[in-house]
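Structure, as structure tokens:
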Amino acid sequence: MLAREQRGAAAASVVIAPPEPLALEALGRIAAGAPVALGAGVHERLVASHRQMLGLSRADRIVYGLNTGCGPLCEWPVPPEDAARFQQNLVRSHASGIGPAHDEAVVRGNPDTGRSFAVFYLREGTLIAVDAVNRAPEFMMSKQLIAERVKIDPARLGDESVAMKDMRN
């Protein structure tokens with residue numbers, strides 16, 4: 001998804017326009033509170049995806065993460081009456097921090113050369129949020145560090161040679 005600035009009255013908005021990639025700078029602006037707008041054709045793609053998902057949910061098929069648990073619970077069906085709550089919980093389980101503005105962003109990995117990186121958001125040296133793309137250790141450890149309100153050295157946080165489990169030290 002490429003993020004680019006809208007022209008005119010909404011110049012501060014970040015426009016999401018797949019299939020182009022979302023730039024790290026735009027991700028930082030979004031995290032800092034910039035408004036987001038959908039580019040041309042995005043709404044139609046979302047509607048088509050939603051329609052497909054509804055069709056799958058009505059079919060008598062097993063669909064991972066839609067009507068089954070995830071990970072080790074993939075063998076367990078999700079009853080239809082619990083599906084909406086399950087989907088909300090699934091989204092929440094992947095969110096790690098939200099809310100107040102940050103004063104520093106630290107990147108771990110290189111979003112320009114790979115499909116695996118994390119952006120950590122700190123306020124006064126304390127981790128308050130993370131965007132982790134294909135980085136399970138960063139995501140899982142960040143949930144703990146955010147809950148514990150741990151102060152972290154930004155240089156260590158961005159250094160991939162330092163294990164996430166060692167961020168408290």
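Key figures
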read-out: Qualifying residue in segment 14-29 (condition: modelled with pLDDT of 80 or more, more than 24 Å from Arg115 (Cβ to Cβ), in a loop (DSSP other than H, G, I, E, B) and out of contact with any Lys or Arg (no Cβ under 6 Å at 6 or more places or on another chain)); value: no
read-out: Any hit, segment 68-91, residues being closer than 22 Å to Val119 by Cα and either among the acidic types (Asp, Glu) or without any contact (Cβ under 8 Å) to a residue 24 or more places away in the chain (or both); value: yes
read-out: Residue check for Glu148: among the acidic types (Asp, Glu), farther than 19 Å from Glu25 by Cα and more than 16 Å from the chain's Cα centre (by Cα); value: yes
read-out: Qualifying residue in segment 56-66 (condition: among the polar types (S, T, N, Q) and without any contact (Cβ under 8 Å) to a residue 24 or more places away in the chain); value: no
read-out: Matching residues in segment 45-65 - criterion: being surrounded by 12 or more Cβ atoms within 10 Å (Cβ to Cβ) and either among the small types (Gly, Ala, Ser) or at pLDDT below 85 (or both); value: Ser57, Gly65
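The values are calculated or read from the model by the stated rules, or taken from the named source; none is laboratory data. The structure presented is a predicted model; accordingly, all values stated were derived computationally and were not measured. Cβ: placed from backbone, ideal geometry, glycine included. Neighbour counts: every protein chain shown.
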